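Note sheet for the following structure.
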Amino acid sequence: MLQISHVSKRYGEKEALRDVSLQLSQGEIVGLFGENGAGKTTLMKCILGLLAYRGQILLDGRPIVKKSKARLAFATAEHSFFPNLTPEGHRDFYSWHFPEFREKRFRGLMEFFELPIHKPLRSFSAGQKNQFEVILALCQGADYILMDEPFAGNDVFNREDFYKVLLGILEPSETILLSTHLIREVSGFIGRAVLLHRGEIAGDVSMAQLEDSGQSLLDFIKCTYRYEADRVSKALGELAGEEDGE
Amino acid sequence: MSRYLSVFALAVRGSFYKVLWILAAAAALETGLFLVSLRRGADSLEQAVEQSGAAYGMALAFLAVTVFLWRTGCEYGSRQGYTLRRLMVSETAVFAGQAVYNVLCYLAVWALQAGLTLLFCRLYVLNADPASVSGQTVFLAYYRSSFLHSLLPLEEYSVWIRNVCLVLGLGIGGAYFPFRQRRGELGLAPVFLAAAVLLFFCRDLGDMGADVFFSLVSMVLAGYEISQIWEIRREERNDG
């Protein structure tokens, strides 16, 4: 279990995370939602130990140390692969550094997405780079796979394929924390939704609970954020009124 | 062990072929220029080398190699630092691996240039009027020409020491630069050393003071860079 307790993070004056507490059990697929700047990426970087923070993050009851970092994988829209290396080079490199690397899964996914194995990553298209980033994270052999907007730039069919593949290949021990703005798309894929708002947990609900209440994920998010549906029309009306007044 | 070799290989894969191409191009260019210089005629070996512009060829090769070596490990189009910080080996080991590789590349630049100048000597002796060539021709040229002397300083040990210090300083600096760049910072200390090498590498015989100065500057900068990395990693460990 990944246990995040009272985690806070500041960037100078700005408080990016405020007293965030969250538990991720093994096997869960959790969607992490929030407006831009809500703290989604910051939370993931804190979990991965890439950022300093106040509070405590425990993996199976123990602090995350060098040895246990291999149990966490990361796929990001910024990409974290080595552009000069080929996929084959990455496979070798990851096999050396992550003993649980899933070679069979790597081969299968490379074939499924028809990615060239001998070309350096820098020559890949933007969509292919995203695909490879996710493939690497899925094949590292980690128990907790953190994904930060991994499909930004991929077309809708490609994303659809990925959701299906993910559901098909994930083992019961593998947990996914997926940060995305594609709410409707992932609603059928995730089992739980966590909402961050201005650095704080604003909502945490399972999809089963939502189903029971007859609410869609998007409605739940709008409701939690107190989103005013008529906000735009009001603003436009005011603007039109001002112009008429002039 | 293979983990450490793999991070060393990361640096190699990033620039090995580029460095090889640069060295091959430099060798072809400088040899061509020297042959032209021989045709134009020269009173001495050192004059033939000087008017060939081989020193500028070396400067260009040095500059190009430096750019490619220092770019390796920088984050362009990917935040590879995220992965490097999650490996079983520390990022300090990644830095050390890159530094060793850089030192080997700078040694290759030096060896190529030294080898080329020896080839030029051979070509000159074969083509020159036998009456103007003696057993001392090559030996004296390496004392008279500041370029030749700085490459192969014979018994002036202070230049040998300076060259070794420069190679070490440049190698370490070339690993320090991307280490800082991955953190969104500019590690400019090694840039000054590279500029000093470009401007002051060729120096006349007997200037021991300058050799001591450059050796010290190179080692002080390398020490500063290593201490900076140590400090940054310590802070990150404490923070993380």
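The values are calculated or read from the model by the stated rules, or taken from the named source; none is laboratory data. Computed from a predicted structure; not experimentally measured. Backbone-built Cβ (ideal geometry, glycine too); neighbour counts: all protein chains shown.
Tell me the helices (runs of 4 or more DSSP H) entirely within segment B:18-121 that contain at least 3 residues that are closer than 24 Å to residue B:198 by Cα and aromatic (Phe, Trp, Tyr).
Result: B:54-71.
Of the residues A:39, A:61, which single one is touching a Gly at 6+ places or on another chain (Cβ under 6 Å), more than 8 Å from chain B (Cβ to nearest Cβ) and small (Gly, Ala, Ser)?
None of the others qualify; the one that does is A:39.
Which residue out of A:27, A:12, A:31 is more than 26 Å from residue A:192 (Cα to Cα), away from chain B (no Cβ under 14 Å) and among the small types (Gly, Ala, Ser)?
Unique residue meeting the criteria: A:12.
Per-residue answers, yes or no, for (1) in contact with a strand residue (DSSP E or B) (Cβ under 8 Å, 6 or more places away or on another chain); (2) within 28 Å of residue A:27 (Cβ to Cβ):
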{"residue": "A:64", "(1), (2)": "yes, yes"}
{"residue": "A:76", "(1), (2)": "yes, yes"}
{"residue": "A:79", "(1), (2)": "no, yes"}
{"residue": "A:89", "(1), (2)": "no, no"}
{"residue": "A:92", "(1), (2)": "no, no"}
{"residue": "A:120", "(1), (2)": "no, no"}
{"residue": "A:125", "(1), (2)": "no, no"}
{"residue": "A:128", "(1), (2)": "no, no"}
{"residue": "A:134", "(1), (2)": "yes, yes"}
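Hey, does segment B:183-193 have a residue that's touching a residue at least 40 places away in the same chain (Cβ under 8 Å), within 14 Å of chain A (Cβ to nearest Cβ) and over 19 Å from the mean Cα position of the chain (by Cα)?
Within segment B:183-193, one or more residues are touching a residue at least 40 places away in the same chain (Cβ under 8 Å), within 14 Å of chain A (Cβ to nearest Cβ) and over 19 Å from the mean Cα position of the chain (by Cα).
Go through segment A:106-123 residue by residue and tally those that are more than 17 Å from residue A:164 (Cα to Cα), assigned to a loop (DSSP other than H, G, I, E, B) and touching a helix residue (DSSP H, G or I) at 6+ places or on another chain (Cβ under 7 Å).
3
Out of curiosity, is residue B:148 in contact with a helix residue (DSSP H, G or I) (Cβ under 8 Å, 6 or more places away or on another chain) and exposed (fewer than 14 other Cβ atoms within 10 Å of the Cβ)?
Criteria not met by residue B:148.
Which of the helices (runs of 4 or more DSSP H) found entirely inside segment A:174-231 contain at least 3 residues meeting this: free of Cβ contacts under 8 Å to residues at least 40 places away in the same chain and of a type outside the set (Asp, Glu)?
So the answer is A:207-213, A:217-224.
Return the residue satisfying two criteria in turn: it lies in segment A:69-103 and is more than 10 Å from chain B (Cβ to nearest Cβ) and exposed (fewer than 15 other Cβ atoms within 10 Å of the Cβ), and of such residues it is nearest to residue B:16 (Cα to Cα).
The residue in question is A:88.
Inspect all residues belonging to segment B:140-154 and state whether any of them is over 19 Å from the mean Cα position of the chain (by Cα), in a helix (DSSP H, G or I) and among the polar types (S, T, N, Q).
no
Could you say whether any residue in segment B:86-94 is surrounded by 21 or more Cβ atoms within 10 Å (Cβ to Cβ), at the interface with chain A (Cβ under 10 Å from one of its Cβ atoms) and without any contact (Cβ under 8 Å) to a residue 40 or more places away in the chain?
yes
Cβ-Cβ below 9 Å, separation at least six or inter-chain, first residue in segment A:119-131 and among the hydroxyl-bearing types (Ser, Thr, Tyr), second modelled with pLDDT of 95 or more: which pairs?
Sorted first by the residue in segment A:119-131, then by its partner, the pairs are A:123/A:116.
Given the options B:198, B:205, B:186, name the one that is in contact with a helix residue (DSSP H, G or I) (Cβ under 7 Å, 6 or more places away or on another chain), surrounded by fewer than 17 Cβ atoms within 10 Å (Cβ to Cβ), among the hydrophobic types (A, V, I, L, M, F, W, C) and over 30 Å from residue B:145 (Cα atoms).
It is B:186.
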